[in-house]
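Q: This structure is in structure tokens; I'll ask about it shortly.
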Amino acid sequence: MLIASFSAIPITAAEWENYEVINRLLALSGPGEPIIHENFVVFTADSSLRRVGVAFAHENFANIYWYRPLIIPQDRRNPIILPGEKIPSPYRDSGMQFFAYQVPDHLSELEYRLIINGLWTIDPANLQSRRDPASGLAMSILTMPHRTIRQNPISALPEGLFFTFKGPPGEIVTIAGDFNSWDPFMYEMREGPRGVYSITIQLPPGTYQYVFFLQGRRFTDPSNPRRIYARNGSAASEIVVP
């Protein structure tokens, strides 16, 4: 369950990992057609639906990605609680459930189907669809806008690996991984251009996993397509140092 607040309870990597996508999701007033944000597509549905998932043609519909509820801070404009009344939770259901998908750079069109309450269907919020002549399946279509392929910001320099992270300005951003026993305090990144943080770390050859920390929350690297998942669902970015 995603706690969508940048001022209270932390968001774990098992919930969602991308700072920019979370901001775009919070700007939505309710469920609707898929939202394209850079190399991500954000799918939404009404939270009253029992279970919603999405699967993609380029994966041969082999994987179903289940939506998750979006939980937001409770409205405190009328905080008066009468004596004897139960104190409400500070969070409430936003009315939406969602899934955010990172689209592979080589795809100019995304073909997908939804499964809603156990039934396969096209996306009722997307008017673009076609029927596959080979299988006869009706599929929803999203045309991806032209995208400049983002270069992986991890670059090898003589002094080490150069990492960057884009976030809100004036914050403390750190990086941690299996190279420092996942210590979230050891490596603090330096803000250069407004909201762009960077650091150079010396690492010997090997394969490493890492995440960024912002306000106590874990975020994977949206510019690095290599990602691994732990048994509990938490995600980390992965880099190979030759």
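The values are calculated or read from the model by the stated rules, or taken from the named source; none is laboratory data. These numbers come from a predicted model, not from an experiment. In this analysis, Cβ positions are derived from the backbone assuming ideal geometry, glycine residues included, and neighbour counts consider all displayed protein chains. For the accessible areas, the whole protein counts, side chains as well, though only heavy atoms, and no ligand, DNA or RNA atoms are used. Shrake-Rupley method; radii C 1.70, N 1.55, O 1.52, S 1.80 Å.
Q: Please list Ile172, Ile122, Ile199 from largest to smallest accessible area, probe radius 1.4 Å, with all protein chains kept in place.
A: Largest accessible area first, the residues go Ile172, Ile122, Ile199.
Q: Let me ask another. Taking the Cβ-Cβ separation of Val196 and Tyr65 as r and a Förster radius of 30 Å, what is the calculated FRET efficiency to the nearest 0.05?
A: In this case the efficiency is close to 0.50.
Q: Sorted by accessible area (1.4 Å probe), largest first, how do Thr44, Thr200 line up?
A: Thr200, Thr44
Q: Would you rank Asp132, Asp221, Asp46 by solvent-accessible area, highest first, keeping every protein chain in place and using a 1.4 Å probe?
A: Asp46, Asp132, Asp221
Q: Let me ask something else about it. With all protein chains present, how much of the accessible area of segment 158-232 (probe radius 1.4 Å) comes from carbon and sulfur, to the nearest whole percent?
A: Roughly 53 percent, rounded to a whole number.
Q: Also, I was wondering about something else. So, R0 is 25 Å and r is the distance between the beta-carbons of Leu203 and Tyr229; what FRET efficiency does that work out to, to 0.05?
A: 0.70
Q: Also, quick follow-up: Per-residue HN-Hα couplings for segment 47-53, Karplus 6.51 cos²θ - 1.76 cosθ + 1.60 at θ = phi - 60°, whole Hz, x for Gly and Pro?
A: 6, 6, 5, 5, 7, 10, x
Q: Starting from the Cα of Phe185, step 7 Å toward the Cβ, then list every residue of segment 210-226 with an amide N under 13 Å from that point.
A: Zone members listed by number: none at all.
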